[in-house]
Amino acid sequence: MMAIQSDVIIVGGGLSGLALADHLQREGISYQLFEAHSSLGGRIKVHRALSSCDKAAYDLGPSWLWPGQVKIRALVDRFNLEFFEQFSEGLQCYEDESGAVHRGAGYASMQGSYRLRGGMITLVDHLYAGLDSSRIHLNAPIASIRKSKRIEVMSPNGLVLAQGERLVLAIPPRVAESLEFTPKLNESTLREMLAVPTWMAGQAKFCAIYEKPFWRAKGLSGDAMSRVGPLAEIHDATDPVSNNGALFGFVGVPPDQRKDESVLVQQSLTQLARVFGPEAMSPLHVIVKDWAADPNVAVQLDRRAMDHHPTYGMPVAMSDAWGGQLLFSSSEMSPNFGGYLEGALEAAESTARLILA
Ligand SMILES: Cc1cc2nc3c(=O)[nH]c(=O)nc-3n(C[C@H](O)[C@H](O)[C@H](O)COP(=O)(O)OP(=O)(O)OC[C@H]3O[C@@H](n4cnc5c(N)ncnc54)[C@H](O)[C@@H]3O)c2cc1C
């Protein structure tokens, strides 16, 4: 099979890779995009309601946009998408070390943030709809990269899939570090790649869908913080297009201790019942999405909990790899919104500028 030729090869079909493809396509620059999974979106993922008459979507990756994120806002406006405020009316709950639940007034931690109708995946779907689908390759993991005159990308069985002038790794730098590079990258570049933590890669989300948002009727916002767990931070995840209600929580238990999903589900429901009432024991459906289990997102180092949002941006040692023919473009490369969706768009824009220059 002949390798496909293009100006730019993009590895990674998350928001950054897709936004870059969108920039290049609009500038008439040829590209080929390779995504390891069978679907696009990367860390963006939704669970759709099981009933066909219910259009509800539940975000298992990013849920929120914030005011001041102008690039996301421009995309939302361009595609005419609807957004709505994160529900935060009512009392929030706090579960202390002893398991005692306190209900009180105060700021819901995500008050003032917005969610997208249809879930974040609508951004991905709309970007994809504008791209030339023959240039987007799913189920196409790239395992090795070789630079001779042009750059070649290879599948895990060594098949050369494409050749291009430039290669953009729109994947987390730690994941990129595990690829095979010929010639080898500088030690300092590889070290720097490993040093960039992938935002939320070690996280897992638990989501429970209920007949009704029963906590709202009790004057509770659905927001809770817990010192007991397994859910460390809980929010209302109800989709306003549905009659059902939903709660989601970030799992506070480290990846190595949450391998048994049925135990995690039972413990999470028991916790939701402690915090919001016995109705929580009877969900219509539960979903667990463990991002640490996805090798295209998380590596071993990401299994350690992060206690703060890292300072992101393009490390110097990664800024001129292979004389500028190899570029890095995941959200973590964004200096202003690194780790966020806005950062993925900022990284894509900077990479497109470099390529156009
Ligand atoms: C649980 C969770 C909650 C979050 N909450 C928010 C939020 O509320 N708001 C917010 O702004 N951000 C949030 N984020 C962060 C946000 O999801 C990311 O910033 C953004 O999605 C990153 O996009 P990206 O394109 O840079 O990388 P990714 O989404 O990681 O995309 C990289 C893609 O590359 C693919 N890939 C990897 N290796 C290879 C390979 N060798 N070959 C081919 N393809 C490969 C992967 O499969 C993936 O599709 C959250 C993330 C998680 C996990």
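The values are calculated or read from the model by the stated rules, or taken from the named source; none is laboratory data. Predicted model only: the values in this text are computed from it and were never measured. Quick reminder, even Gly has a Cβ in these numbers, built from the backbone with ideal geometry, and neighbours come from all protein chains shown. When the accessible area is computed, the model is the full protein with side chains, heavy atoms only, and any ligands, DNA or RNA have been set aside. Shrake-Rupley method; radii C 1.70, N 1.55, O 1.52, S 1.80 Å.
Restricting attention to the range 221-230, which residues are in contact with a Phe, Trp or Tyr (Cβ under 6 Å, 6 or more places away or on another chain) and under 15 Å from Ala280 (Cα atoms)?
Once the filter is applied, which keeps residues that are in contact with a Phe, Trp or Tyr (Cβ under 6 Å, 6 or more places away or on another chain) and under 15 Å from Ala280 (Cα atoms), the range 221-230 yields only Gly222.
Using the structure shown, decide if Thr351 is within 16 Å of the ligand (Cβ to nearest atom) and surrounded by 15 or more Cβ atoms within 10 Å (Cβ to Cβ). Give the steps one after another, and end with the answer.
Details: within 16 Å of the ligand (Cβ to nearest atom): yes; surrounded by 15 or more Cβ atoms within 10 Å (Cβ to Cβ): yes.
For Thr351, the condition - within 16 Å of the ligand (Cβ to nearest atom) and surrounded by 15 or more Cβ atoms within 10 Å (Cβ to Cβ) - is met.
Would you check if there is a residue in the range 309-325 being crowded, with 17+ Cβ neighbours inside 10 Å and in a strand (DSSP E or B)?
no
Please report, ordered by residue number, the strands (runs of 3 or more DSSP E) entirely within the range 104-201 with at least 1 residues that are under 23 Å from Tyr340 (Cα atoms) and open to solvent by less than 70 Å² (accessible area, probe 1.4 Å). Write out each step before concluding.
On the way: elements: 114-116, 144-147, 151-154, 160-169, 180-182.
Because the criterion is at least 1 residues that are under 23 Å from Tyr340 (Cα atoms) and open to solvent by less than 70 Å² (accessible area, probe 1.4 Å), the strands (runs of 3 or more DSSP E) in the range 104-201 that meet it are 114-116, 160-169.
Among (1) among the β-branched types (Val, Ile, Thr); (2) open to solvent by less than 20 Å² (accessible area, probe 1.4 Å); (3) in contact (Cβ under 8 Å) with a residue 60 or more places away in the chain, where does Val251 come up short?
(3)
Against the conditions (1) in a loop (DSSP other than H, G, I, E, B); (2) within 19 Å of Leu161 (Cβ to Cβ); (3) within 8 Å of the ligand (Cβ to nearest atom), where does Ser63 fall short? Just the number, please.
(2)
Go through the range 326-340 residue by residue and tally those that are open to solvent by 70 Å² or more (accessible area, probe 1.4 Å), touching an Asp or Glu at 6+ places or on another chain (Cβ under 7 Å) and within 12 Å of Met200 (Cβ to Cβ). It would help to see each step written out before you state the result.
In the first step, residues of the range 326-340 are kept if they are open to solvent by 70 Å² or more (accessible area, probe 1.4 Å); the result is 335-336, 340.
Adding the requirement that they be touching an Asp or Glu at 6+ places or on another chain (Cβ under 7 Å) leaves 336.
Within this subset, residues satisfying the condition of being within 12 Å of Met200 (Cβ to Cβ) are none.
So the answer is 0.
Go through (1) on the phi < 0 side of the Ramachandran plot; (2) outside the structural domain of Ser98 (by TED's automatic domain parsing) and name the single condition Gly158 misses.
(1)
Within the range 28-56, track down each residue that is within 14 Å of the ligand (Cβ to nearest atom), buried (at least 19 other Cβ atoms within 10 Å of the Cβ) and under 30 Å from Ala204 (Cα atoms).
Answer for the range 28-56, where residues must be within 14 Å of the ligand (Cβ to nearest atom), buried (at least 19 other Cβ atoms within 10 Å of the Cβ) and under 30 Å from Ala204 (Cα atoms): Leu33, Phe34, Glu35, Ala36, Leu40, Gly41, Gly42, Arg43, Ile44, Lys45, Val46, His47.
Could you go through the range 8-27 and let me know if any residue there is in a strand (DSSP E or B), open to solvent by 10 Å² or more (accessible area, probe 1.4 Å), more than 6 Å from the ligand (Cβ to nearest atom) and at pLDDT 95 or above.
No: the range 8-27 contains no residue that is in a strand (DSSP E or B), open to solvent by 10 Å² or more (accessible area, probe 1.4 Å), more than 6 Å from the ligand (Cβ to nearest atom) and at pLDDT 95 or above.
Results for (1) free of Cβ contacts under 8 Å to residues at least 40 places away in the same chain; (2) β-branched (Val, Ile, Thr), shown as yes or no for each residue.
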{"position": "Pro278", "(1), (2)": "yes, no"}
{"position": "Val297", "(1), (2)": "no, yes"}
{"position": "Ala305", "(1), (2)": "no, no"}
{"position": "His309", "(1), (2)": "no, no"}
{"position": "Trp322", "(1), (2)": "no, no"}
{"position": "Leu326", "(1), (2)": "no, no"}
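Out of everything in the range 268-302 that is charged (D, E, K, R) and open to solvent by 70 Å² or more (accessible area, probe 1.4 Å), what residue ends up being nearest to the ligand (Cβ to nearest atom)?
Filtering the range 268-302 down to residues charged (D, E, K, R) leaves 274, 279, 289-290, 294, 302.
If we keep only those that are open to solvent by 70 Å² or more (accessible area, probe 1.4 Å) too, we end up with 274, 279.
Numbers: Arg274: 23, Glu279: 26 Å.
Checked the range 268-302; the qualifying residue nearest to the ligand (Cβ to nearest atom) is Arg274.
Inside the range 77-107, can you point out the residues that are among the hydrophobic types (A, V, I, L, M, F, W, C) and either in contact (Cβ under 8 Å) with a residue 60 or more places away in the chain or not assigned by TED's automatic domain parsing to the domain that holds Leu272 (or both)? Let's see the steps before the verdict.
So the first thing to find is which residues in the range 77-107 are among the hydrophobic types (A, V, I, L, M, F, W, C), and the list is 79, 81, 83-84, 87, 91, 93, 100-101, 105.
Phe84, Phe87, Leu91, Cys93, Val101 - these are the residues of the range 77-107 that are among the hydrophobic types (A, V, I, L, M, F, W, C) and either in contact (Cβ under 8 Å) with a residue 60 or more places away in the chain or not assigned by TED's automatic domain parsing to the domain that holds Leu272 (or both).
Run down Leu81, Leu50 and say which single residue is more than 16 Å from the chain's Cα centre (by Cα), within 23 Å of Lys289 (Cα to Cα) and part of a loop (DSSP other than H, G, I, E, B).
Working: Leu81 fails: within 23 Å of Lys289 (Cα to Cα).
Being more than 16 Å from the chain's Cα centre (by Cα), within 23 Å of Lys289 (Cα to Cα) and part of a loop (DSSP other than H, G, I, E, B) holds for just one of Leu81, Leu50, which is Leu50.
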